[in-house]
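Here the structure is laid out as structure tokens; the discussion comes afterwards.
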Amino acid sequence: MEKQKRLHIVTYGCQMNVHDSERIAGLLHPDYQLTENPEEADFILLNTCSIREKAEHKLYSKLGQLKHLKAQNPDLILGVCGCVAQQEGENILKRSFSVDLVFGTNTLPKLPQLLEAVEQGRKNLGRPVRVVDLSVMDWQEPEANVVRENPFKAYITIMRGCDKFCTFCVVPFTRGREESRPSADILKEARGLAARGVVEVTLLGQNVTSYGKRILSHGERIREDITFPELLTRLNEVEGLQRIRYTTPHPRDLSEALIAAIRDLPKVCEHIHLPVQAGSSRVLKAMNRRYTKEQYLEKIDRLKREVPEVSITTDIIVGFPGETEEDFQDTLEVMEAVQYAGCFAFKYSNRPHTKSPELPGQIPEEVKEERLQRVLNLQKKLSFEKNKTFVGKVVEVLVDEINPKFPGTVTGRTRTNHIVSLPGGPEWLGRLVNVEITEAYPLRLAGRPV
């Protein structure tokens with residue numbers, strides 16, 4: 001009997017990459033079985049992110065760490081995919097002689113054929129064969145064999161690419177222009193997931209609020225008059241689904257219809273990740289964000305009026321070219337005004353193909369670091385204050401994993417996306433539980449079932 005081949009995937013970056021890794025594992029199953037141990041893998045794949053320069057450095061650092069495995073096992077195949085692969089292509093082969101396969105963000109459906117080309121090339125030629133493919137593939141029908149770690153929660157890609165062209169962002173160059181999936185395909189996938197026991201779905205896209213503007217089916221543009229809030233309305237009717245999340249919306253597209261959907265649709269969770277990026281209108285203009293500080297805060301006010309219990313998280317970039325101390329103070333003021341539940345904060349870094357590296361006033365690294373720490377410190381305080389308001393309240397929690405740090409406990413998330421730990425074992429997994437919150441910490445809550 002032929003030995004079962006082993007696949008080891010290292011995933012960097014966003015939920016889209018996490019879902020792509022799930023799809024990769026499904027595409028290669030049953031020929032390849034997932035393993036957490038790279039030492040026993042026949043194929044190691046690094047699924048990369050290029051949104052920050054640091055993420056790109058991680059790739060080459062990891063490739064250096066894996067060189068010894070290639071030396072030990074010449075038959076090992078080492079691959080790179082994701083946004084750095086799309087961005088750098090053959091340059092990855094030039095920088096790392098151990099890499100055998102590079103493929104782009106929209107080439108994923110061809111992976112089995114690309115892998116076979118490497119394997120057969122070696123067999124026929126008796127020497128290493130290196131393959132690069134950055135071609136764009138049509139979207140496939142929903143995959144039934146996506147390999148998910150969590151049987152109760154699932155990602156659904158509803159669109160890909162971005163047309164906003166923020167001056168700091170490489171996404172339009174690595175993920176392409178905006179393309180939406182037909183709603184019928186999305187609903188079919190959602191119904192299939194619900195039938196298999198999934199209770200929560202997260203809709204994915206670089207800019208989900210642009211959903212419906214350009215819908216493609218088998219590479220051809222089709223006419224379908226639908227918006228993102230209308231898609232949420234249709235998904236809300238899928239029997240068996242209990243919760244609907246989505247990421248990431250653009251603040252400019254936070255419409256009255258979307259606010260109404262969050263307010264009125266029972267399955268749409270009361271949480272929104274709305275990246276502000278900066279608090280200064282001057283910096284926002286330089287970023288090409290297409291809204292001002294005042295417009296952003298006005299949208300937040302409308303959202304809070306209609307959905308008082310809503311939880312808002314964000315992204316912030318510090319040290320964008322030309323950012324003054326006064327500009328940075330605007331960012332801190334927005335954080336205080338919104339009272340974010342959480343924040344992903346980053347130091348600005350120049351990215352290929354973008355316009356911001358050409359801007360005057362590049363900020364010294366030590367200033368970026370100091371501002372980043374101020375943002376993180378403020379957010380820690382805001383998160384703790386927000387979490388303390390939950391003590392004594394009863395909230396609904398979807399239990400989704402055993403807590404590895406504290407035996408005899410499990411963790412889950414509220415509808416507002418707060419992490420909660422509570423007593424329990426494997427029998428709680430996948431259940432929606434009412435939990436009384438008894439303790440609050442900066443990053444999580446703790447409670448007991450009621």
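The values are calculated or read from the model by the stated rules, or taken from the named source; none is laboratory data. Every value quoted in this text rests on a predicted model; they were computed, and no experiment measured them. Here Cβ is always computed from backbone atoms with ideal geometry, including for glycine, and neighbour counts include all displayed protein chains.
Looking only at residues of segment 82-132 that are farther than 25 Å from Gln206 by Cβ and in contact with a Pro (Cβ under 7 Å, 6 or more places away or on another chain), we find that the one that is modelled with the lowest pLDDT is Arg122. Among the residues of segment 403-423, just one is at pLDDT below 95 and either of a type in the set (A, V, I, L, M, F, W, C) or crowded, with 20+ Cβ neighbours inside 10 Å (or both), namely Phe406.
With respect to (1) buried (at least 19 other Cβ atoms within 10 Å of the Cβ); (2) closer than 17 Å to Ala341 by Cβ, the lone exception for Asp301 is condition (1). Is at least one residue of segment 437-445 farther than 29 Å from Arg148 by Cβ, among the small types (Gly, Ala, Ser), in contact with a Ser or Thr (Cβ under 9 Å, 6 or more places away or on another chain) and not assigned by TED's automatic domain parsing to the domain that holds Pro321? There is at least one residue in segment 437-445 that is farther than 29 Å from Arg148 by Cβ, among the small types (Gly, Ala, Ser), in contact with a Ser or Thr (Cβ under 9 Å, 6 or more places away or on another chain) and not assigned by TED's automatic domain parsing to the domain that holds Pro321.
Quick check on Val391: is it of a type outside the set (Lys, Arg) and in contact with a helix residue (DSSP H, G or I) (Cβ under 8 Å, 6 or more places away or on another chain)? Criteria not met by Val391.
Among the residues making up segment 25-68, a single one is in contact with a strand residue (DSSP E or B) (Cβ under 9 Å, 6 or more places away or on another chain), among the small types (Gly, Ala, Ser) and more than 24 Å from Arg175 (Cβ to Cβ): Ala41. Take the conditions out of contact with any helix residue (DSSP H, G or I) (no Cβ under 6 Å at 6 or more places or on another chain), surrounded by fewer than 20 Cβ atoms within 10 Å (Cβ to Cβ) and in contact (Cβ under 8 Å) with a residue 24 or more places away in the chain and apply them to Ser281. Does it pass? So Ser281 does not fit the description; no.
Where helices (runs of 4 or more DSSP H) fall wholly inside segment 263-355, the ranges with 1 or more residues that are hydrophobic (A, V, I, L, M, F, W, C), under 28 Å from His57 (Cβ atoms) and at pLDDT 95 or above are 281-287, 325-338.
Any residue at all in segment 131-143 that's of a type outside the set (Lys, Arg), closer than 21 Å to Asn236 by Cα and in contact with a Gly (Cβ under 9 Å, 6 or more places away or on another chain)? Yes, the conditions are met somewhere in segment 131-143. For segment 17-47, filtering for residues that are touching a Gly at 6+ places or on another chain (Cβ under 8 Å) and at pLDDT below 95 leaves 2. Taking the numbered list (1) surrounded by fewer than 19 Cβ atoms within 10 Å (Cβ to Cβ); (2) closer than 30 Å to Leu372 by Cβ in turn, Gly240 passes all entries but (2). For segment 364-378, indicate whether the set of residues that are surrounded by 13 or more Cβ atoms within 10 Å (Cβ to Cβ), part of a loop (DSSP other than H, G, I, E, B) and of a type outside the set (Phe, Trp, Tyr) is non-empty. So far as segment 364-378 goes, no, none of its residues is surrounded by 13 or more Cβ atoms within 10 Å (Cβ to Cβ), part of a loop (DSSP other than H, G, I, E, B) and of a type outside the set (Phe, Trp, Tyr).
Only one of the numbered conditions (1) in contact with a Phe, Trp or Tyr (Cβ under 8 Å, 6 or more places away or on another chain); (2) surrounded by fewer than 18 Cβ atoms within 10 Å (Cβ to Cβ) is violated by His8, and that is (2). Mind telling me which of the residues Leu108, Leu101 ends up being in contact (Cβ under 8 Å) with a residue 12 or more places away in the chain, within 19 Å of Ala41 (Cα to Cα) and not β-branched (Val, Ile, Thr)? Being in contact (Cβ under 8 Å) with a residue 12 or more places away in the chain, within 19 Å of Ala41 (Cα to Cα) and not β-branched (Val, Ile, Thr) holds for just one of Leu108, Leu101, which is Leu101. Within the set of pairs 6 or more residues apart or between chains, which connect a residue that is under 15 Å from Ser356 (Cβ atoms) inside segment 313-335 to a residue that is assigned to a helix (DSSP H, G or I) and hydroxyl-bearing (Ser, Thr, Tyr) with Cβ atoms less than 6 Å apart? Pairs found: Pro321/Ser356. Segment 1-120 holds strands (runs of 3 or more DSSP E) entirely within its bounds, and those carrying 3 or more residues that are within 22 Å of Thr354 (Cβ to Cβ) map to 77-82.
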